[in-house]
Amino acid sequence: MKRQRVAVLGSTGSIGANTLDVIRRHPARFEVFALTAATQVDTLLEQCAAFQPQLAVMANEAAGRELARKIEGRGWPTKVLWGARALEDVASHEQVDTVMAAIVGAAGLASCLAAARAGKRLLLANKEALVVGGELFLAAVEKGGAQLLPIDSEHSAIFQSLPEDPSTWPARVEKIILTASGGPFRTRDPKSLRDVTPEEAVAHPNWVMGRKISVDSATMMNKALEVIEARYLFGLAPERLEVVIHPQSVIHSMVQYHDKSVVAQLGTPDMRVPIAYGLAWPDRVESGAQALDFHKLADMTFEAMDSRGHPERFPGLALAWQALRAPAGTTAVLNAANEVAVEAFLARRIRFDGIHAVNLATLSAVAASNPATLDDLLDLDARARAAATAQVARLQA
Ligand code: NAD
Ligand code: MG
């Protein structure tokens, strides 16, 4: 078997570190060709020591030069690059077979598109890239002959529960049911949500994740982004996508067929499972995760949720369907607003309930009009960020 050469984009993050943990278990199958990070020089240095990649990329010149200085003279094969263009070069490098897209936010879009156009096996954790890229992203995958495999646990579960041949999906599948843990505020009095702190919001009950996705889980904007992600990955109409709260996160999502049979994927909440599945697909390899112990599993419960959401507690969820029914590009506006709002919340510039306020106001301020190119999308993203930033300033005033 030829070893897969893997580029891990965003290797210092939560998904990146879990990916390296799985790769480390299978030296005969996988080889790390490139590692990339924003500014965490010392973490990337440690990863370079352990994996000896050919390339290491930092987001900016200062961080890049610092890493290069620290690597110099060690006799490693690693060449250091920096900047957004270097990320695209790594993602489309002729020696790379597989790209793990684990950058957070729209910042990962260009490198995802580069990997798609270059026909790579593209393991997509970076859901924002697909939410922003939409049909343009899918067209790049199609044209480049790339293999797009979901890493988000829900989408991996759905992919594992679907028939192998995608052309059969529309005729056989009645609906997709995404499970949601409900996050840290599932049972908290909605009236008290306006005052929650960043520390409370990032303390997820079942998963340890990066800060941005943790806040998204607390607002349920993560589930909204995942509904949009599912729409693009699986091609079902928005009304055939549903969300149910399942606090234990044992069932990772389900597919209901026309005969009312439901197929689900279960497991302990450990991202190494979907990561190992994406890396080895269609094979199965050791992931390092614990198996479910059905003798100890106390309970699996479900809480009804109108798929349009819990208007008081999780008002953001409904925005997914709203954005999917609006002109193409609206999902990119929603994503940009949310990235700006979450950052402002984490910096204590707006309250928790300000996130939804910024998202709503930005959706009504910025008209999306069918972006046809990456430049159109980046322009729309920039306009939405400017509008969201203005909303943040208004809330602070
Ligand atoms: P994280 O914040 O822990 O890591 C993000 C990584 O991206 C880091 O390596 C960081 O250095 C890099 N990065 C950030 N901004 C960058 C920029 N502008 N340019 C270049 N690199 C940049 O995030 P995470 O939790 O690992 O999530 C990564 C992606 O995976 C997100 O899109 C998230 O929604 C998705 N995801 C995460 C989980 C999880 O369990 N953590 C589960 C499902 C999906
Ligand atoms: Mg998920």
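Here, each number is a calculation from the coordinates, and none is a lab measurement. This structure is a prediction, so every number in the text was calculated from the model and none was measured. A quick note on method: Cβ atoms are made from the backbone with ideal geometry, for glycine too, and the neighbour counts reach across all protein chains shown.
Worth pointing out:
- At least 27 Å along the helix axis (C-alpha) and Kyte average at least -0.5, DSSP helices within the chain: 374-396
- Residue order, fewest to most beta carbons within 10 Å, for Ile23, Ile355: Ile23, Ile355
- Sorting Val333, Val263 from the fewest to the most surrounding beta carbons within 10 angstrom yields Val263, Val333.
- Expressed in Å, the radius of gyration and Dmax of the Cα atoms of segment 326-397 are 11.8, 37.
- Positive contributions from Lys and Arg (+1) and negative ones from Asp and Glu (-1), summed over other residues with Cβ under 12 Å from the Cβ of Glu72, come out at +4.
- Percentage of interatomic Cα-Cα distances in segment 4-151 larger than 24 Å: 24 percent
- Of the residues His93, His155, His295, His26, the one with the fewest other Cβ atoms within 10 Å heads the list, and the complete ranking is His295, His26, His93, His155.
- Sequence-distant lysines (8 or more away, or on other chains) whose Cα lies within less than 21 Å of Lys79: Lys70
- Along the chain, the longest continuous region that contains none of the chymotrypsin sites (Phe, Trp or Tyr not before Pro) in a DSSP loop with at most 14 other C-beta atoms within 10 Å is 1-293.
- Model label points for Val208 and Ala390, set 7 angstrom from Cα along the Cα-to-Cβ axis, are 4.3 nm apart.
- Compared with the rule-of-thumb size 2.2 N^0.38 Å for a compact globular protein, segment 91-173 has a Cα radius of gyration ratio of 1.08.
- Alpha-carbon spread of segment 228-325, three principal axes, descending order, Å: 40, 32, 30
- Extension gain, Thr187 to Lys260, is 23.2 nm, computed as 0.36 nm per intervening residue step minus the present C-alpha separation.
- Estimated FRET transfer efficiency when R0 is 30 angstrom, pair Ser167-Lys2 (beta carbons, to 0.05): 0.60
- A convex hull fitted around the alpha carbon atoms of segment 160-300 yields 142 Å³ per residue.
- Fully extended contour minus Cα-Cα distance, from Ala326 to Ala365, at 0.36 nm per residue: 12.7 nm
- Separation of alpha-carbon centers, segment 302-361 and segment 1-37, rounded to whole Å: 32 Å
- Pairwise FRET efficiency - Ala49 versus Ala298, Cβ, R0 = 56 Å, nearest 0.05: 0.85
- With each label modelled as a point 7 angstrom along the Cα→C-beta vector, the Ala139-Thr373 pair spans 1.2 nm.
- The chain - Kirkwood radius from inverse mean 1/r over Cα pairs (Å): 21.5 Å
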